[in-house]
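What follows is calculated from the coordinates using simple rules that are stated; it is not laboratory data. Every value quoted in this text rests on a predicted model; they were computed, and no experiment measured them. Backbone-built Cβ (ideal geometry, glycine too); neighbour counts: all protein chains shown.
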């Protein structure tokens, strides 16, 4: 531990003042570095929410929507059964939007005698052309963005 002689170096008010100023300076530098790093990462991102439909109908289950920034950064979100989505950390600026589905439309049906009460999920097929970059684009601003996409064959 500390001997009384070592502690006596810090017993005068001026010694504590020097120690306190040095510690505050170092703490301030660490805080600024942490804020600077975290602030820059979040500054270039946004959220996009909306709805994907195929001629007004919700898409087939398992559909995803992808946002690709000019630097190649890609963020995606699963589209819910009603077509809604929420994508986070989407890059800012002009982005290419891709929508990927199974490409196979299913019809909602009630289970037969072997499966009473069972249903199959349905939804409209997503045309394959929307899986390619360039079919859909949007400009993403900082913060929250809202955009609906109604796809046509």
Give the calculated FRET efficiency between residue 139 and residue 74 to the nearest 0.05, with a Förster radius of 22 Å applied to their Cβ-Cβ distance.
-> 0.85
What is the spin-label model distance, in nm, from residue 152 to residue 57 if the labels are put 7 Å beyond Cα along the C-beta direction?
-> 1.8
Extension gain, residue 84 back to residue 129 (0.36 nm per residue minus Cα-Cα distance, nm) | 14.2 nm
